[in-house]
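Take a look at the structure below.
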Amino acid sequence: MTCKAIILVGGPSRGTRFRPLSLNVPKPLFPVAGHPIIWHHLEALSKVEGLKEVMLIGFFEDSVMARFLDDAAREFPKMNVRYLREYQALGTAGGLYHFRDEILRGDPQQLFVLNADVACSFPLSDMMRFHNRHRGLCTILGTKVARENANKFGCLVAKPDSHEVLHYVEKPESFISDLISCGIYLFDCAVFNEMKKAMLNKTTQGPYQDQDDKLRLEQDLFGPLAESKKLYVYVTQEFWRQIKTAGSAVPANALYLEQYSKTCPDRLTKKSIDGQGPEIVGHVYIHPTAIVDPHSKIGPNVTIGPRAVIGKGVRIKDSIILDNAEIKNNSCILHSIIGWDSKVGTWARVEGTPTTNYSTTITQNGVKVQSVTILGKKLGSIFTSEIRNLPVKVEKWIVEKAKQSVAEKATTSEITTASQSSTEITTTSQSPTEIITTSHQTRKERKMLKEKLKEDDLTLQHVRYNKSPPVL
Amino acid sequence: MKALILVGGFGTRLRPLTLTLPKPLVEFCNKPMIQHQIEGLVKAGVTDIVLAVNYRPEIMEQILKKYEEQYNITITFSVETEPLGTAGPLALAREILGKGRSPFFVLNSDIICEYPFDHLRDFHAAHGKEGTIVVTKVEEPSKYGVIVNHSGTTCIERFVEKPAEFVSNKINAGIYIFNPEILERIELKPTSIEKEIFPLMAHDKHLHAFELDGYWMDVGQPKDFLTGTCMYLANLAKKKPQLLVNPECEFVYGGNVLVDPTAKIGKDCRIGPNVTIGPNVVVGDGVRLQRCVILEGARIKDFAWTRLEGVSVLGDDVSVNDEIYVNGGCVLPHKCIANNITEPQIIM
């Protein structure tokens, strides 16, 4: 039996929640556990028997995907990986329908459809076995989540014995079920007939409906499929996590490293035996070209990217260090993402707050803030400074201590909204701590900042009180 | 000569340090507060010292006995059964202070400066009046009560509480010298020397002001304790740099670092400016210290990535786990800190 796979990669107008990281690399290509997010999809697909062709559908420029496709061709020689570009955002099913002839060429029987923004163990072969046992058109990969988080996802109600889906609702307001869709589907190719019906249904609904080629899998297709008893769910007990915001790359990274430890432990960095290497705690991936001082302590759940330089006495935990970043001696990086080419000075502390559920924001003094600290590309952080729970955008030099009181945060976000597009405002109001790129800086200002950076230890002398010191 | 040190109560402003150690014994720049004062007094020829206290901890008696021998002086406790304010204790110690005709010093125990007792004594003798107040100049006099002299003299004319308009920048530094006659002005009851005694003495033109040179600080609370430490170290760097660690030393950064000879410092540290490290302290490898006081026997681990800032005070026997961040945390004795403290607060 032949089958193909589609990965829905979206496009540049999406991924605003993934800022500041998506400003430099499209979200699907952001490295997690040493590889782009969708590389993990390809790896899982390469293990499915009879799967020879993978199509990425999205609306990025072709050039954005070119490099990744070259690498994929080399790493997964048995699969043909291509990119199909939508002329505009067509919705999760619209792209599939638009490229139906391309997809159906060679007469495949089954089709995997994977959303790009998930981290998962991808039990695709198990899904396929399950699919072949029932008579439905579609199998959804489902997982159970905590009741309070369920309404952030597509919720499913299934018959307990046959796993036939009785009811599907996307992001319901009230509680429907704690079984949710993982955004990973297996279709019989006959589903294109259903898509055609859904498309027609949409156009015949009258003048109130937009007349366009948009079609959404979740709302427009799964409802009717469930009605006609053609939708089934395969429930996985293994890991699954949505990669929505940039901060969620940190837990996703941890999950993939955990998976490496079970399936291919050779990828992980070994604990040093004779004190030759750094102290490794738990699961750690260090790229072969990274230089890590033997007197550092790394892990658990850390990925260090190509050409990164980690100094003596550095501590890194629950973090992603991207290409070419430099962490100088005695610094401490906790629960953070350090962007490409960033520099973190000596005795600096960059810290986010660990979260336990699917959320990546936390409430601090009644204000919702990011839980993961993210330093964007080419960011210079001053020596011995301290940054907490703060996404910082590209090329911003942190000169003053970045930790601010709530009032100051509010001011910052006002500046933000003034200079950004409307999509940005929503993002910012959710995370008022965001600092925006200082691209308007003049050359002179930049020079001054760099001079200032040489004055080591500048910040500690200006320790600021948020409140008056306590009285005992 | 004689002196009275106003120690007072439990040093509540300096908690949690004073929960396990009486305030006069808390080490300021590696020496108990009271020892700084005793040494200053001894240098000016004082042989009898009275400590005005509200309570009388045993440990203090033992240590002061040691000082009696070391400096060849007599130290007497004058214990108040009820708090007597700043003047009452003088009346309580009347028998000792009033003995003989020589003047006596009175000082608040929280004051750190260069204790110019011999100059003060000579100045007092020269004007021949009943009392002399040491005054220090401050930048923002409106926060304090200021002292106004009769113009062109050192004789005090009046006291102005929190002046709205500038009248003077001199404030009471909490150090005095009096003739025994002052005791006739004070009854044995709670009395404020600043508010109830001094204005009358000024009215009688019996009070003069002696201007203090150099630094001055009331180190009665942690924030000021640190500021006072910086001042003391800066003064030491000027007057007796041999007592500080050589600024050329590899771990010293920005100078003004005082380290007890029994303390151990690890490799690749960066210490300073403004740090004191007490006896038997162990500082591990890769540690950064700035503007802080490490008290006796404290241990700072190698590469622990703990960060303390914002006037954090750790009491006796507190431990902080690796990688913890503490901002303005005030931690009571024997606690273990396992979670970040991001906002100033007291950890009971």
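Among the residues making up the stretch A:42-70, those that are surrounded by fewer than 14 Cβ atoms within 10 Å (Cβ to Cβ) and under 18 Å from A:Met127 (Cα atoms) are A:Lys47, A:Glu49, A:Gly50.
Residues to consider are B:Gly88, B:Gly128; find the one that is over 29 Å from B:Gln35 (Cβ atoms) and in the same structural domain as B:Gly45 (by TED's automatic domain parsing).
After ruling out the rest, the residue left standing is B:Gly128.
The criterion of being within 14 Å of chain B (Cβ to nearest Cβ), under 26 Å from B:Asn339 (Cβ atoms), modelled with pLDDT under 95 and assigned to a loop (DSSP other than H, G, I, E, B) holds for A:Thr353.
Restricting the stretch B:10-25 to residues that are away from chain A (no Cβ under 14 Å) and not in a helix (DSSP H, G or I), which is nearest to B:Phe77 (Cα to Cα)? Spell out how you get there, then give the answer.
First, the residues of the stretch B:10-25 that are away from chain A (no Cβ under 14 Å): B:21-22, B:24-25.
Among the residues that remain, those that are also not in a helix (DSSP H, G or I) are: B:21-22.
On the way: B:Leu21: 17, B:Pro22: 14 Å.
Ranking the qualifying residues of the stretch B:10-25, first place goes to B:Pro22.
Looking only at the stretch B:112-128, which residues are crowded, with 18+ Cβ neighbours inside 10 Å, over 18 Å from the mean Cα position of the chain (by Cα) and not aliphatic (A, V, I, L, M)? Answer for the stretch B:112-128, where residues must be crowded, with 18+ Cβ neighbours inside 10 Å, over 18 Å from the mean Cα position of the chain (by Cα) and not aliphatic (A, V, I, L, M): B:Arg121, B:Phe123, B:His124. Just one of (1) closer than 21 Å to A:Asp293 by Cβ; (2) within 10 Å of chain A (Cβ to nearest Cβ) fails for B:Gly254. It is (1). In the stretch B:191-203, the residue that is surrounded by the fewest Cβ atoms within 10 Å (Cβ to Cβ) out of those that are in contact (Cβ under 8 Å) with a residue 24 or more places away in the chain and more than 23 Å from the chain's Cα centre (by Cα) is B:Pro199. A:Trp240 meets all of the listed conditions (1) under 23 Å from the mean Cα position of the chain (by Cα); (2) farther than 24 Å from A:Pro28 by Cβ but one, namely (2). Criterion applied to B:Asn256, B:Asn280 was being in contact with a helix residue (DSSP H, G or I) (Cβ under 6 Å, 6 or more places away or on another chain) and in the same structural domain as B:Tyr325 (by TED's automatic domain parsing), and the one residue passing it is B:Asn256.
Pairs meeting the criteria (first residue in the stretch B:318-333 and surrounded by fewer than 17 Cβ atoms within 10 Å (Cβ to Cβ), second residue modelled with pLDDT of 90 or more and part of a strand (DSSP E or B), beta carbons under 8 Å, at least 6 apart or on different chains) are B:Ser319/B:Cys336; B:Ser319/B:Ile337; B:Asn321/B:Cys336; B:Asn321/B:Ile337. Condition test on A:Ala93, is it in contact with a Leu (Cβ under 9 Å, 6 or more places away or on another chain), at pLDDT below 90 and either part of a helix (DSSP H, G or I) or surrounded by fewer than 19 Cβ atoms within 10 Å (Cβ to Cβ) (or both)? In short, yes. If only residues of the stretch B:303-348 that are of a type in the set (D, E, K, R), part of a loop (DSSP other than H, G, I, E, B) and under 20 Å from B:Gly266 (Cβ atoms) are counted, the one that is farthest from the other protein chains (Cβ to nearest Cβ) is B:Asp322.
Looking across the stretch B:139-185, the residues that are surrounded by 20 or more Cβ atoms within 10 Å (Cβ to Cβ) and over 22 Å from B:Asp213 (Cα atoms) come down to B:Ile182, B:Arg185.
Among strands (runs of 3 or more DSSP E) entirely within the stretch A:274-336, having at least 1 residues that are in contact with a strand residue (DSSP E or B) (Cβ under 7 Å, 6 or more places away or on another chain) and within 14 Å of another protein chain (Cβ to nearest Cβ) singles out A:302-304, A:315-317, A:319-321, A:332-334.
So which of A:Tyr260, A:Tyr285 ends up being in contact with a Ser or Thr (Cβ under 7 Å, 6 or more places away or on another chain), more than 26 Å from B:Arg307 (Cβ to Cβ) and among the aromatic types (Phe, Trp, Tyr)?
It is A:Tyr285.
Each row is one residue, and each column tells you yes or no for (1) part of a loop (DSSP other than H, G, I, E, B); (2) buried (at least 17 other Cβ atoms within 10 Å of the Cβ); (3) under 20 Å from the mean Cα position of the chain (by Cα).
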| position | (1), (2), (3) |
| --- | --- |
| B:Gly228 | no, yes, yes |
| B:Gln242 | no, no, no |
| B:Val245 | yes, yes, no |
| B:Glu250 | yes, no, no |
| B:Leu258 | no, yes, yes |
| B:Pro261 | yes, no, no |
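When residues in the stretch B:31-48 are screened for being over 13 Å from the mean Cα position of the chain (by Cα) and crowded, with 22+ Cβ neighbours inside 10 Å, 1 of them pass. Residue count for the stretch B:285-302 under the criterion of being more than 14 Å from chain A (Cβ to nearest Cβ) and outside any strand (DSSP E or B): the result is 4. Looking across the stretch B:136-180, the residues that are part of a loop (DSSP other than H, G, I, E, B) and within 29 Å of B:Leu97 (Cα to Cα) come down to B:Thr153, B:Thr154, B:Asn179. Residue count for the stretch B:263-284 under the criterion of being assigned to a loop (DSSP other than H, G, I, E, B), more than 14 Å from chain A (Cβ to nearest Cβ) and not β-branched (Val, Ile, Thr): the result is 4. Is it the case that the stretch A:143-164 has a residue that's over 28 Å from the mean Cα position of the chain (by Cα) and either part of a strand (DSSP E or B) or not assigned by TED's automatic domain parsing to the domain that holds A:Glu227 (or both)? The answer is yes, given that some residue of the stretch A:143-164 is over 28 Å from the mean Cα position of the chain (by Cα) and either part of a strand (DSSP E or B) or not assigned by TED's automatic domain parsing to the domain that holds A:Glu227 (or both).
The set of residues from the stretch A:212-250 being closer than 21 Å to A:His134 by Cα and either among the aliphatic types (A, V, I, L, M) or part of a strand (DSSP E or B) (or both) comprises A:Leu217, A:Leu221, A:Leu225, A:Ala226, A:Leu231, A:Tyr232, A:Val233, A:Tyr234, A:Val235. For the stretch B:220-231, the condition holds for no residue, the condition being that it is more than 14 Å from chain A (Cβ to nearest Cβ), closer than 21 Å to B:Ile111 by Cβ and among the aromatic types (Phe, Trp, Tyr). Out of the stretch B:204-227, which residues are more than 27 Å from B:His124 (Cα to Cα) and in contact (Cβ under 8 Å) with a residue 60 or more places away in the chain? Correct list: B:Gly220, B:Gln221, B:Pro222, B:Lys223, B:Phe225, B:Leu226. In the set (1) within 25 Å of the chain's Cα centre (by Cα); (2) assigned to a helix (DSSP H, G or I), the condition left unmet by B:Asp213 is number (2). Given the options B:Arg56, B:Arg94, name the one that is more than 14 Å from chain A (Cβ to nearest Cβ), over 23 Å from B:Gly278 (Cβ atoms), free of Cβ contacts under 8 Å to residues at least 24 places away in the same chain and of a type outside the set (Phe, Trp, Tyr). On inspection, the qualifying residue turns out to be B:Arg56.
The values are calculated or read from the model by the stated rules, or taken from the named source; none is laboratory data. On a predicted model such as this, the values are computed, not experimentally measured, just so you know. When we count neighbours, we look across all protein chains shown, and the Cβ atoms used for this are built from the backbone with ideal geometry, even at glycine.
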